[in-house]
Structures are given as structure tokens and as C-alpha cells.
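The values are calculated or read from the model by the stated rules, or taken from the named source; none is laboratory data. From a predicted model like this one, the values you see are computed outputs, not experimental measurements. Cβ atoms come from the backbone with ideal geometry, glycine included; neighbour counts cover every protein chain shown. Remember, those area values only see protein heavy atoms, side chains included, never the ligands or the DNA or RNA. Shrake-Rupley method; radii C 1.70, N 1.55, O 1.52, S 1.80 Å.
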Amino acid sequence: MGTIIDYLKEYGDCSFRDMPMNDVDSLVLCQLAYLKFDGLVPDVRENTGTVTLEELSHHAKAEGLFSDVRYEKENRALFEAMLAGKRYRTLRLGCHINLIEKEWETQFSAITFILEDDTLYIAFRGTDETIVGWKEDFNMAFLSPVPGQAYSVKYLNTVTDRLSGPFYVGGHSKGGNLAVYSAMNCAPETQQRIRKIYSMDGPGFRPEVLRESNYDRIAGKVVKILPRSSLVGMLFEREIHYEVVESKNFGLAQHDPYSWKVEGRHFIKVQDIYESSKKMDNTLNEWILSLDEAHLKTFVDTLFQVISASQADDLIALTADWKKSMNGMISALKEVDDETAEMLKQTVRSLFEIARMHVKEDVAAGIATAESHVSLRKSDSGGMREPRRRAGTKAVLPTE
């Protein structure tokens, strides 16, 4: 029993011709997409070829690949394990793009990998555990389409116009949502070339988005994989079949791809996510579907105003120090109307519920305390405050 790095150590010398692409390979490439390729891999807008993984390792600025301090150690181990075996040593990388648009709360990044057998894997980068990153995940699920989704379609069409042959498309977290969205909305001739579409714990879509994008045309190619304590990946999951993997972490930390358990050439699967989490997700989804777009925008902004009041930098810290987090959120909930406050309370409760395997008794006490305080807030509630809106501007697509 190991992780994706152990998998690479065991099967790194098996070529793709001898052992075809599998689900674990997909997660390996989705995680590789998180490395900082700016200035190291040719930009999609320049169309200047590719570089191999081995060439990258000798680049004068190769250290820049690992500038993400959160997973610096793991990313190095991943890169070195891929480089050590013939399965990935000759992997070619190209068509990179990384756009950051603060005004739209959007970061879009994608890269194309060309495997040993010339098959393409188009990978969209996901978010991290930061509050801002997870807000983008919620925006994508609740308020589709967002600029990143439009970018993903443009990127997929551009790359497949240049490069021939069958391909895979995938991503972790936000990247999984982009993979499915781009596959639903790309050119018909591009869609026919897709082998599989991987969403690794990525947020889903409102039912009308699936209908308008004719999801049924690609449904048989979608592989959605979630850890057992998935939160964002369970948003609107009912229309998409999913598989659940075991993780060595607890709570929201299971979002980390390095925690997913691998045995041999496969993930260790479990029957479903935790039942309490599923009930909470279903309740939240039903309520969200009853809202129009204006109220959805207010809900998402208000949710993250409440979470930000905890003063936690990320959602793992939010659940780890529940006393500090809860005090800030209780005060913020006093500014919200009754119906929205109830759903916000349930959403925040789900964050603590997911973490219960690690801090079960403390979380239970924290939830009880929060509910007691929130029930008293009606007398001094000032009603919902409308969040400040950004001015609407046209997003420029990545290859324009």
C-alpha cells in the first residue's frame, strides 16, 4: 500500500506500450501540472515546440519548478521518480499557459503532455487549500460559466487543432471541472478524439449546465474520482457517476493527491464517501438549486465572508482550530438573514463534520456551541449585507 510516488518507483520502467494509461497515471500527470513551468515550457501562444522532462531537469532555472512551498518536498519526489524510469523520462511538455486575473478571482493554467506512445494528456491545474482558491471552486459549481471555463474550451480546441491523435483530458480540484467543461463544449471533431476525461475531486455542475452542454455525449468517457471526505468534489455530483478512493489523511486534507492510497497499479477503492457528508451535500445542493443567479452570487460571497471571519488562511486550518474559527464566524452570521444563515451554518458545519475523524469530540462540541449562539442572533440581526460587486468586464481568452 503506497501513494502515486510509490507507484512510480514500482512501475516506472513499464512503457506505455506495455502498460497503457491508467487512473493512477492520470493523477500523476494532474499533480505534475501544479509545478511552476513559467519560462521553462513553451507557451501555447507562441507555439514553439516542446521540452522533455529530462531536458527540464537540466535547465538553469529548474529549481523554479518547486517554488510551491506547500508540496515542495512531495513535488520534488514526484519529479525525480518520473525522471528515474523510462515510462516518463521522455515525456514531452508544451502549450503551457498560466493566467492570473485578480479582478475576476481567476487563475487559469494548463499544459499538454505528450506520452511515450504519442498520446496526448491535456491537464488543467487546480486550486490549493486557500480560502480564495476554494471560493473559485464554489463559483465554478454555482455560477457557471466563469472565465476559466471559457478559457478551457479555447485552450482545448487550440491544442487539438495543432496536435493530432487521440488524447486524455483531466485535472485535480478546479482542474477536474475544467476538464469536463472543456470536453462538453469543445468542437465536435475534437470531442470524438477524447479517450477519457478525468475529474480528480473536482466540483460538479448545476443540472442546467449539463443539459445545455449536452453532457450525455461525453458521459461514458468521464472518470470522476473522489477521496472519502470530499467536499467540493461532491457539489452537484448526482448527474455524474463517481468512484471513491481511500486516503491516508483525515478530513479536508484528503484533497491532497499525495494522500490517495495506491496498491499495485490501482487506487484502493471504498464503497462511498462518509454518509453524514453525503446528507449535508444533498441538503445544500437542494437549497442552492432553488435560488436564482443573483441570490447564488450573494450566497457564495457571503459564505466566504463568514469563513474569512474565522481568520483562517485555509480550510484545513479552519477545522484544525475550531474554537478560534467559530468565534469569528458566529459574529459574521449575525449580519445574515435567517434562511441564508441556516444554509451557511449547514455548509460550515459540513467542514467540521468532514474533519470529525481527526478531532471528533472537539468538533461536536464546537458545532453545538455554534448552533446555540446562532439561535440567539435574531434579536440583533441587521439583515444581509449585499457584498460589494466587481465591475463587469470582458475576459480575454488565453490564446487571443
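Here r is the Cβ-Cβ distance between A84 and E63 and R0 is 25 Å; the resulting FRET efficiency, rounded to 0.05, is 0.85. Taking label points 7 Å from Cα along the Cα-to-Cβ direction, E101 and K9 give a separation of 4.3 nm.
Counting only protein heavy atoms and using a 1.4 Å probe, the accessible area of K345 comes to about 40 Å². Measuring with a 1.4 angstrom probe and ignoring ligands and nucleic acids, D161 comes out at about 120 Å² accessible. Using heavy atoms of the protein chains and a probe of 1.4 Å, the accessible area assigned to V169 is about 0 Å². Apolar share of the accessible surface for segment 149-195: 46 percent from carbon plus sulfur atoms, 1.4 Å probe. The residues neighbouring R228, those whose beta-carbon lies less than 9 Å from its own, together hold a net charge of -2 under the Lys/Arg +1, Asp/Glu -1 convention.
Computing the accessible area with a 1.4 Å probe over protein heavy atoms, can you report the carbon and sulfur percentage for segment 1-81? Using a 1.4 Å probe with all protein chains present, segment 1-81 comes out at 48 percent carbon and sulfur.
You can think of it this way: the chain between T52 and E212 has 53.7 nm of extra reach, that is 0.36 nm per residue less the Cα-Cα gap. Protein-only accessible surface at a 1.4 angstrom probe places the residues S67, S259 in the order S67, S259, largest first. According to the Kirkwood expression over distinct Cα-Cα pairs, how big is the hydrodynamic radius of segment 36-80, in Å? 11.4 Å is the Kirkwood radius here. What segment 29-127 shows is 41 Å² of accessible area per residue, with the surface traced by a 1.4 Å probe over protein heavy atoms.
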